[in-house]
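Chemist: Here it is: the structure, laid out below.
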């Protein structure tokens, strides 16, 4: 692809990487031009993150060669990579919530005076200046944890951007950001690009990728499929390259208007009246019918995430009543909620999986009391788990590997599989497709459809409009902790949702 | 490609290096143990004898009973610092409810032996329940809660014996603590039983699975509908009851009940669990690890008595060897996690 006139700032030839027996990358040739934004797309587990972690010095011990400015390099650690001017913003936030904004911006590289004492004045001043460039004007002494998630993510991005990195890798930087925040970010990227910084941008939001990138590289099954100029392709083409086949429902949700329709004669399964929790949500009332999917949409921090947790008994309700099948229930603990037939798949993988345990134990944990009274039945557990692994196309197709070795999307499927053996009456999904690729999203949509047909009441809470649009029969838009608008029995588009939130 | 991944996953088990790496947490204490045995055998002819093996087993028995309960607690990523103190208090409660000789000047309340034993067990259960309530319902970190319980236990001991020493205990306990079953000291048999039952519960029961899962990721366990507080309450009570039994048998083993009798057991039992390779962060390890840790500790304590060194230096040497064992452990764990 590169014309060869200018030495690429980074060049990789014949890169291959294996984890144990599993091949993560084979024969990758990849290059970055100085001052470009290079988009990376591909299904979960296709190898994008692995390649980027090699560049950022997180993974070593790979085949092939990596050159920076024409010089062969071999990083032993992320520190090595940073010294060579390569910084990476990882998918999971690494902000320290207890520290001040300024401390987070300068995490690990605090400016000091001649005696080695941290110069707080300089740190605060520079942190404020840096963040103002990102369009954030906040008091640098504020505790970072008290800020909205989107803001925290921008601060983390700011940290890497201003560490002086020449090559900045952004892994899913926009998933927690509201549209105005994304716009800010793109403006900043443009400005820094003009000054010669090179960016790699990984995202499942194809519009974002196509809007901001100069070139795009597509990965599929541990291989590179193509590198093209972003201006020369469209979203449909990219999706096709990523998955190789058409996924119409998803494409519909991304582009056109969706017709919302709830089941007509189904009885009300779950109802909430006047639910309140200070600083999270106030006076929220809604019903969910058997076999109905209700979407709770709102920007990050609008209360839908906290509401989902409260429904599982994880966050205490300070007011309101909930009832299941007409009977009032109390939600003092997650065990209470489970007994009442409520299940939640939370938004964070860290919060739902036992990384060091094999897949089957992660799936069977929620049904142990049903398959064993006192003694465990590992054979039965494995059999049930294997059924889910096959049905959900969880890779690798085995119930034995430790869950932490699976890719993100597959981990999310494992967490979902937990609730598919003995169906709950109300299933609450919080950000069910966050960070997932098109194929995996499609799988989740199919699973939810199947549950609907079996009469499960489903609540999908998400800050991604596509997610609620693809899944929901009825959409409640949340704004500042309250239900601002309801969309039912009508057509609705992404624009209308965004406008209501 | 699908076939690719499947066959790759099938191969995953292969490779001696990977197998060793994945089991390093178990191998590290085993290597430490063999190394210690070798060194002591070379340095002292009296060490590697059948007689001495019996000594070592007897010497670690009380620690083993305490460590069984403590393994449950540490697997859930909690800690119990009150183990030795509860053992001491329960041993003294037992003596308090037993008729003492007239020269023992304690205002005690004599009961029939079985009742005394029952009362002592109930005391252990009660102290464990206080720990459990403090940690789960009130929400005090177990580190602090059991630190307070350590003082409370010491206080109960002090109050009941008032600086005296009691000797009489019920016969069944005397038999279990200092008698023998056939050729085996009965305290060793009891310790083995505790370890065995502990292992069976942790490995084959639903409760055992919950213990590992709560330790592995508490939040995930909660989101799966596991009653996390109940599991933690249960392990705190299990720990206290194990300590109670250890305390009663200990009184029989030493032939007396007095204050501060069990002080060394706090460090020993925590060391046994951790040196054996059970993670202080919870979710990884188990009774087999604890057994290895007990043997390392037992051999170390016993072996140092067989070789001719300054007795004032022994404590320091013991500390250094324990430190070394822990360092090896941490590195083994790191290698294991990297073997992904």
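Chemist: Could you grab me the full set of residues in region A:325-360 that are facing another protein chain (nearest Cβ under 7 Å), surrounded by 21 or more Cβ atoms within 10 Å (Cβ to Cβ) and more than 21 Å from residue A:305 (Cβ to Cβ)?
Modeler: A:354, A:357
Chemist: Considering (1) surrounded by fewer than 21 Cβ atoms within 10 Å (Cβ to Cβ); (2) on the phi > 0 side of the Ramachandran plot, say which one residue A:65 fails and leave the rest.
Modeler: (2)
Chemist: Please find, among A:236, A:194, the residue that is at pLDDT 85 or above, surrounded by fewer than 22 Cβ atoms within 10 Å (Cβ to Cβ) and assigned by TED's automatic domain parsing to the domain that holds residue A:136.
Modeler: One residue alone meets the criteria, A:194.
Chemist: Here is a follow-up. Look through B:209, B:218 and report the one residue that is more than 20 Å from the chain's Cα centre (by Cα), within 14 Å of chain A (Cβ to nearest Cβ) and either in contact (Cβ under 8 Å) with a residue 60 or more places away in the chain or within 30 Å of residue A:370 (Cα to Cα) (or both).
Modeler: None of the others qualify; the one that does is B:218.
Chemist: Scan region B:270-279 and tell me whether some residue there is buried (at least 24 other Cβ atoms within 10 Å of the Cβ), part of a loop (DSSP other than H, G, I, E, B) and within 12 Å of the chain's Cα centre (by Cα).
Modeler: Yes, the conditions are met somewhere in region B:270-279.
Chemist: Just wondering, is there one or more residues in region A:156-167 that are over 24 Å from residue A:101 (Cβ atoms) and either touching a strand residue (DSSP E or B) at 6+ places or on another chain (Cβ under 9 Å) or crowded, with 22+ Cβ neighbours inside 10 Å (or both)?
Modeler: yes
Chemist: Something else now. Among (1) in contact with a strand residue (DSSP E or B) (Cβ under 7 Å, 6 or more places away or on another chain); (2) within 14 Å of chain B (Cβ to nearest Cβ); (3) under 30 Å from residue A:236 (Cβ atoms), there is one condition residue A:406 misses while meeting the rest; what is its number?
Modeler: Exception for residue A:406: condition (1).
Chemist: Among the candidates B:300, B:326, B:249, single out the residue that is part of a helix (DSSP H, G or I), at pLDDT below 90 and within 21 Å of the chain's Cα centre (by Cα). Steps first, please.
Modeler: Working: B:300 fails: at pLDDT below 90; B:249 fails: at pLDDT below 90.
Only one candidate qualifies: B:326.
Chemist: Restricting region A:361-370 to residues that are more than 9 Å from chain B (Cβ to nearest Cβ) and surrounded by fewer than 24 Cβ atoms within 10 Å (Cβ to Cβ), which is farthest from residue A:386 (Cα to Cα)?
Modeler: Ranking the candidates gives A:370 first.
Chemist: Another question, if that's okay. Which numbered condition trips up residue A:270, out of (1) over 25 Å from residue A:347 (Cβ atoms); (2) modelled with pLDDT of 90 or more?
Modeler: Every listed condition holds for residue A:270 apart from (1).
Chemist: Test each condition in (1) more than 11 Å from chain B (Cβ to nearest Cβ); (2) more than 17 Å from the chain's Cα centre (by Cα); (3) part of a loop (DSSP other than H, G, I, E, B) for residue A:320 and report the one that comes out false.
Modeler: Against the list (1) more than 11 Å from chain B (Cβ to nearest Cβ); (2) more than 17 Å from the chain's Cα centre (by Cα); (3) part of a loop (DSSP other than H, G, I, E, B), residue A:320 comes up short only on (3).
Chemist: What helices (runs of 4 or more DSSP H) lie completely within region B:173-244 and have 1 or more residues being touching a strand residue (DSSP E or B) at 6+ places or on another chain (Cβ under 7 Å) and surrounded by 18 or more Cβ atoms within 10 Å (Cβ to Cβ)?
Modeler: The helices (runs of 4 or more DSSP H) meeting that bar are B:186-204, B:218-223.
Chemist: Considering only residues of region A:449-473 that are surrounded by fewer than 22 Cβ atoms within 10 Å (Cβ to Cβ) and not in a loop (DSSP other than H, G, I, E, B), which is nearest to the chain's Cα centre (by Cα)?
Modeler: Here the answer is A:466.
Chemist: Could you tell me whether any residue of region A:95-112 is assigned to a strand (DSSP E or B) and surrounded by fewer than 16 Cβ atoms within 10 Å (Cβ to Cβ)?
Modeler: Yes: one or more hits.
Chemist: If you don't mind, there's one more thing I want to ask. Which one of the conditions (1) in contact (Cβ under 8 Å) with a residue 60 or more places away in the chain; (2) touching a strand residue (DSSP E or B) at 6+ places or on another chain (Cβ under 6 Å); (3) more than 14 Å from every other protein chain (Cβ to nearest Cβ) does residue A:42 fail to meet, given that it meets all the rest?
Modeler: (3)
Chemist: Let me ask you something else. When you scan region A:290-313, do you find a residue that is without any contact (Cβ under 8 Å) to a residue 24 or more places away in the chain and at negative phi, even just one?
Modeler: No, region A:290-313 has no match at all.
The values are calculated or read from the model by the stated rules, or taken from the named source; none is laboratory data. Treat the numbers as computed from the prediction; the structure is a model and nothing was measured. All Cβ positions, even for glycine, are placed from backbone atoms using ideal geometry, and neighbour counts span all protein chains on display.
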